[in-house]
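Encoded as structure tokens, the structure appears first; notes follow it.
The values are calculated or read from the model by the stated rules, or taken from the named source; none is laboratory data. This structure is a prediction, so every number in the text was calculated from the model and none was measured. We place every Cβ from the backbone using ideal geometry, glycine too, and count neighbours over all the protein chains shown.
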Amino acid sequence: MSTATRPAFVPTLPRSLYLETTNRCDSECQTCIRTFLTLEPPADLTLEKVKAIVEQFPALDRVVLHGIGEPLLNREIFDIVAYLKTRVPVVLFNSDAVSLTPKRARRLIESGLDEYRVSMDAATPDTYMKLRGVDQFDRVVANVRCLIALQREMARPTPRVSLWLTASRVNLDELPAFVRLAGDLGVGEVYVQRLVFNGFGLATEENALHGRLREREERVLDEEARPELGHRAPRLGADDAAGKPEGRGHGRAVLGRLPAAVDPQLRHRQRQRAALLHLPVGRP
Ligand SMILES: C[S@@+](CC[C@H](N)C(=O)[O-])C[C@H]1O[C@@H](n2cnc3c(N)ncnc32)[C@H](O)[C@@H]1O
Ligand code: SF4
């Protein structure tokens, strides 16, 4: 709702809360504003502050714990999640998984986190280095593999782990291999999100795909990623379902979408957070 049409008093309490648990980071993503601009001194949210904030929101359905920064670097992240889980149905965050040691993976599972989204952007070390700015592809792959193995060992279905790719001209060709990588790791979901461009690094208009897919790129989305998805393969498209102009604007928009019949939950999730594509790869 635009500020022009938003009433001074809203009839319902907020259901969704985004908290930037830290603004520190251990990656140097070439698409991320944080790599190029320092807007504030380094700081972490404490559990105490989280409690003080959350107590003011009695009707929350979910809390998202990332802003610009890597949540795993906050020493209290697991305690923050565990506290939130006593009050809020769904707690989740995106992460680069660089510092997801086996010990942290265990704590993550034990914290009760509902969803852990691993931002990888690449299926090869070279492209990972180019986009994420650090030479950590193999480490992240090993960390995610370990997390999944631990989850199985502990017989815990949560957190739901997914791999995320911010799509651009740099990495779209790797989407089929990215889906295969997810399958190999035992990760059940892959999401492709739109590149928001700001002119810094690789976050440029030339690299953006949203609303400007070339024939070759449409083929990657529509045909080449599909055989990797098995019989539940969604029909992937390139429509601008969010109707937003260009690559600017808040959050993410839809690049292609699943028919509701394939995943009725998706429509709801698209409204909530507008992931670009959702490719259920199935757990082996
Ligand atoms: C800013 S990060 C914070 C959480 C964590 N550090 C991570 O990378 O997942 C949140 C998400 O934004 C994505 N991202 C980075 N640059 C982006 C851009 N220019 N457009 C859209 N998403 C971007 C990241 O890949 C990640 O999935
Ligand atoms: S890991 Fe996340 S916060 Fe850090 S630079 Fe990359 S996208 Fe930005």
>> Suppose the filter is assigned to a strand (DSSP E or B) and surrounded by 18 or more Cβ atoms within 10 Å (Cβ to Cβ); does residue 91 pass it?
In response: yes
>> Quick check on residue 143: is it touching a helix residue (DSSP H, G or I) at 6+ places or on another chain (Cβ under 9 Å) and either of a type in the set (Phe, Trp, Tyr) or not assigned by TED's automatic domain parsing to the domain that holds residue 87 (or both)?
In response: no
> Mind checking whether some residue in the range 37-48 is charged (D, E, K, R), assigned by TED's automatic domain parsing to the domain that holds residue 117 and in contact with an Asp or Glu (Cβ under 8 Å, 6 or more places away or on another chain)?
Replying inline: yes
>> among the hydrophobic types (A, V, I, L, M, F, W, C), assigned to a helix (DSSP H, G or I), within 11 Å of ligand 2 (Cβ to nearest atom) and modelled with pLDDT of 95 or more: which single residue out of 144, 140, 81, 98 fits that description?
In response: 140
>> Can you find a residue that is more than 16 Å from ligand 1 (Cβ to nearest atom), surrounded by fewer than 20 Cβ atoms within 10 Å (Cβ to Cβ) and outside the structural domain of residue 199 (by TED's automatic domain parsing) anywhere in the range 19-28?
In response: no
> Filtering the range 62-78 down to residues that are within 14 Å of ligand 1 (Cβ to nearest atom) and not in a helix (DSSP H, G or I), which residue is farthest from residue 164 (Cα to Cα)?
Replying inline: 74
>> Could you list, ordered by first residue, the pairs with Cβ atoms under 7 Å in which the first is in the range 105-120 and assigned to a strand (DSSP E or B) and the second is surrounded by fewer than 18 Cβ atoms within 10 Å (Cβ to Cβ), at least 6 apart or interchain?
In response: 115/160
>> For the structure I just gave you, tell me whether residue 175 is outside the structural domain of residue 91 (by TED's automatic domain parsing) and within 16 Å of ligand 1 (Cβ to nearest atom).
In response: yes
